[in-house]
Amino acid sequence: MKVRITEYLDIELDTEQWQCNRCNHVLGPASADYKRGCLVAEVPIAEAHPALTEG
């Protein structure tokens, strides 16, 4: 049984795991911080968004 925790986060009580409720990706055990299961990509700021001004 799933329980909604936030807009995008569920906890699956049967398996005791955090789960994205949009894509059903398992983020990790409920005993741990779900944020550890979230993907993070570190890129230079210029790669993330082009400069709006020059100089």
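Taking N as the residue count of the chain, its C-alpha radius of gyration divided by 2.2 N^0.38 Å amounts to 1.63. A full extension of the chain between Val40 and Arg4 corresponds to an added length of 10.7 nm, given 0.36 nm per residue minus the alpha carbon distance. Think of the chain as a dipole: +1 on every Lys or Arg Cβ, -1 on every Asp or Glu Cβ, centred on the Cα centre; then among Ser31, Met1, Asn21, Met1 lies furthest on the positive end. Its Cα centre serving as origin, the range 2-48 has a Cβ charge dipole (Lys and Arg +1, Asp and Glu -1) of approximately 80 debye.
Only the coordinates and a few stated rules stand behind these numbers; no lab work does. All values derive from a computational prediction rather than experimental measurement. No Cβ is skipped: glycine too gets one built from the backbone with ideal geometry, and neighbour counts run over all protein chains shown.
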